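First the structure, in the form of structure tokens, and then the observations on it.
The values are calculated or read from the model by the stated rules, or taken from the named source; none is laboratory data. Computed from a predicted structure; not experimentally measured. Quick reminder, even Gly has a Cβ in these numbers, built from the backbone with ideal geometry, and neighbours come from all protein chains shown.
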Amino acid sequence: MYQRIVLFAIISSVLFGCSSDKKPDALKKGLQVSENGRYLTEDGKPFFWLGDTGWLLFNKTTREQADQYLEDRRQKGFNVVQAMVLHTVPSVNVYGDSSLVNGDISKPAVTEGSSFEDAAQYDFWDHIDYIIDKAKEKGIYMALVPVWGTNVKENKVTTAQAKIYTEFLTRRYKDKSNIIWLNGGDIKGSDKKDVWEVIGNTLRATDSTHLITFHPRGRTGSSEWFQESKWMDFNMIQSGHRRYDQDTSAKEKWHYGEDNWKYVEKDYNQKRIMPTIDAEPSYEGIPQGLHNPKEIRWNDADVRRYGYWSVFAGAFGYTYGSNSVMQFYNPAAKDAAFGATEAWQKALNDPGAGQMVHLKNLMLSRIKGDGTASDASGYFDRIPDQSVIAGDVGEKYNRLLATRAKDYIFVYTYNGRNISLKMGVIDGDQVKASWFSPRDGKTTEIGLIDNKGTHDFDPPGDVKDGNDWVLIIDKK
């Protein structure tokens, strides 16, 4: 009998593999927080979040338009779209379908059937289903805000209603593999915190699969209110749309102006380690200060700066935004918000939208090993490290931001100023140096550099805002 048991064990090991030999990270499916708590994995491999704000996607696009938008974003390298489920209470979509019965958030207006050809069947929620499924086909995650914060602040959502509504959402979407939950929605966590806790706790209790965070008010971060909330998987920042001299958040606990890297740095140093991301910096094409359309507009150089600053400070990804695209602005409708003038279809090709993929590609470019979380050095061991800069790190637009792993160093300059670097941080008598352009993703070799003392690097071009470069130092 004993011999038969042993023989069966040997045969099973050969045929089915020994479970103890499997790397545990390889068994993780979908999006997960990495083992070190700093980054995300997808099916056990590095996942760099490159998001787009498509806030009104469910409300203002037809099926054909949603297809167009998602395909464009897929081609440009985006893998997350942030969208509101309920922008208003109730919300009505482009087909005239209302989301709720009598404006009661606890009573979703759901019809029997889902055929698009039958208007009586195809309802508000069927349209959301279609877009989520289409996004999945294109490898895009949908980061869903259940209900925008303004509605909660205006007392349109009670805690009892919030619980019923959130249970409806999770029943409908918990089996969709491409869902991320964004509790909140441009609001301070202290405004109706009881509602946000109910939504967060209900999401966690009824959906154990998908990641959850909180989308906060401008110039704030979720960690201010929910750092210890058990339903939180990662932190989210909205660094906002105002320039330094327009900032009105001096009374906030953390007052950083345009320096979005400071929000990331704050989160990175929290006692409870969680990934963090700037999920709403200044939008391309939006007036500086947000509300005065006569102001100058944020441009592609600005959105690049926010991206590299935040990621090099320790963020696990970045969310881009376009003023016209986020609201799916149609000039014929004459309903522009925040001074939008360009049709969303044209704004899809704003310069910054096409440049964001270079940041994603750069951060994924130094992965070594087989790509699983347990064997992906160069990604999960990356840390922010300003100590590698020998000279003045600078302030405001003159700031240098550095990040490194064992075998490389990246340093970002927004204006092409000189970079004085401490050598000898990575191994070797010599190292390879090069310039990486955030504008087109091209790399220009500098050559081999002696790996001792300090070395000054002079980026191409004149010193001016928007002449941004990444200095790359690689192990030889």
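Quick look at the values:
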| item | result |
| --- | --- |
| Number of the condition not met by Met236 [criteria: (1) buried (at least 23 other Cβ atoms within 10 Å of the Cβ); (2) at positive phi] | (2) |
| Ile273 among the β-branched types (Val, Ile, Thr), closer than 26 Å to Lys76 by Cα, out of contact with any Pro (no Cβ under 6 Å at 6 or more places or on another chain) and in contact (Cβ under 8 Å) with a residue 60 or more places away in the chain | no |
| Region 205-220, residues that are of a type in the set (A, V, I, L, M, F, W, C) and part of a strand (DSSP E or B) | Ile212, Phe214 |
| Exclusive hit being assigned to a helix (DSSP H, G or I), within 22 Å of Trp225 (Cα to Cα) and among the polar types (S, T, N, Q), set Asn155, Asn201 | Asn201 |
| Any chance Tyr308 is buried (at least 24 other Cβ atoms within 10 Å of the Cβ), at pLDDT 95 or above and not in a helix (DSSP H, G or I) | no |
| Some residue of region 81-88 being assigned to a helix (DSSP H, G or I) and either within 24 Å of the chain's Cα centre (by Cα) or not assigned by TED's automatic domain parsing to the domain that holds Asn235 (or both) | no |
| Trp254 vs. criteria over 20 Å from Val33 (Cβ atoms), surrounded by fewer than 22 Cβ atoms within 10 Å (Cβ to Cβ), among the hydrophobic types (A, V, I, L, M, F, W, C) and in the same structural domain as Trp55 (by TED's automatic domain parsing) | yes |
| Condition met for Asp207 (free of Cβ contacts under 8 Å to residues at least 40 places away in the same chain, surrounded by 17 or more Cβ atoms within 10 Å (Cβ to Cβ) and either touching a His at 6+ places or on another chain (Cβ under 8 Å) or within 29 Å of Ile132 (Cβ to Cβ) (or both)) | yes |
| Of the criteria (1) crowded, with 23+ Cβ neighbours inside 10 Å; (2) modelled with pLDDT under 95, which one Thr213 fails | (2) |
| Verdict on Arg219 being at pLDDT below 95, within 30 Å of Lys76 (Cα to Cα) and assigned by TED's automatic domain parsing to the domain that holds His241 | yes |
